[in-house]
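Let me begin by presenting the structure, written as structure tokens, before commenting on it.
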Amino acid sequence: MPLPNAYTQYNRNKVLTASPAELTLMLYDGAIKFCNMGIMAIEQKDIQKAHDNIIKAQKIIDYFRQTLDMSYPVAEDFDRVYEYIGRRLVEANVKKDAEILQEARDHLNTMRETWKEVMKKNREQGSD
């Protein structure tokens, strides 16, 4: 099966050659994807699949919080947002509530779009 192996190799190379900013964007994409998969699983009444995907999104949020550089004042703001999203993910998981999960996903989408704008401005200024 050469195609799946090629796809796996492509993804591995994509991660290995990505800048820190691109890796952050990939993590936002992953968290959003896991929220979407969790929403679909809740709607399909697949409790285990919903749980697994919400946990994956939570792990990404936990990673974001752990890697914040608190020497920057804005990091405290990010920490509060990540803490809120994390709490909402836990609540969505406990209640298997798609609406709460959609809210968390919407916050992640907003943060992702903001991050893309920061990346774009950095590229325009010649740094990444």
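Which of the residues belonging to region 4-62 are of a type in the set (Phe, Trp, Tyr) and at pLDDT below 95? Residues satisfying the conditions are 7, 10. Residues considered: 94, 118, 90, 74. Of these, the only one that is surrounded by 14 or more Cβ atoms within 10 Å (Cβ to Cβ) and either modelled with pLDDT of 95 or more or not hydroxyl-bearing (Ser, Thr, Tyr) (or both) is 90.
Going through region 37-54 one residue at a time, which ones are open to solvent by 70 Å² or more (accessible area, probe 1.4 Å) and farther than 16 Å from residue 104 by Cα? Passing the criteria: 43, 44, 45, 47, 48, 49. Within region 103-115, the set of residues being open to solvent by 60 Å² or more (accessible area, probe 1.4 Å) and either of a type in the set (D, E, K, R) or touching a helix residue (DSSP H, G or I) at 6+ places or on another chain (Cβ under 7 Å) (or both) comprises 106, 107, 113, 115. Scanning region 77-87 for residues that are of a type in the set (D, E, K, R) and open to solvent by 60 Å² or more (accessible area, probe 1.4 Å) yields 77, 80, 83, 87.
Looking only at region 61-71, filter to residues that are open to solvent by 20 Å² or more (accessible area, probe 1.4 Å) and part of a helix (DSSP H, G or I); which one of those is farthest from residue 39 (Cα to Cα)?
For region 61-71, the residue satisfying everything is 66.
For region 14-25, a tally of residues being open to solvent by 60 Å² or more (accessible area, probe 1.4 Å) and either without any contact (Cβ under 8 Å) to a residue 60 or more places away in the chain or in contact with a helix residue (DSSP H, G or I) (Cβ under 6 Å, 6 or more places away or on another chain) (or both) returns 6.
The values are calculated or read from the model by the stated rules, or taken from the named source; none is laboratory data. Since the structure is predicted, the reported quantities are computational estimates derived from the model, not experimental observations. Methodologically, a virtual Cβ is constructed for each residue, glycine included, from the backbone with ideal geometry; neighbour enumeration extends over all protein chains shown. Just the protein is used for accessible areas: all its heavy atoms, side chains included, with ligands, DNA and RNA removed. Shrake-Rupley method; radii C 1.70, N 1.55, O 1.52, S 1.80 Å.
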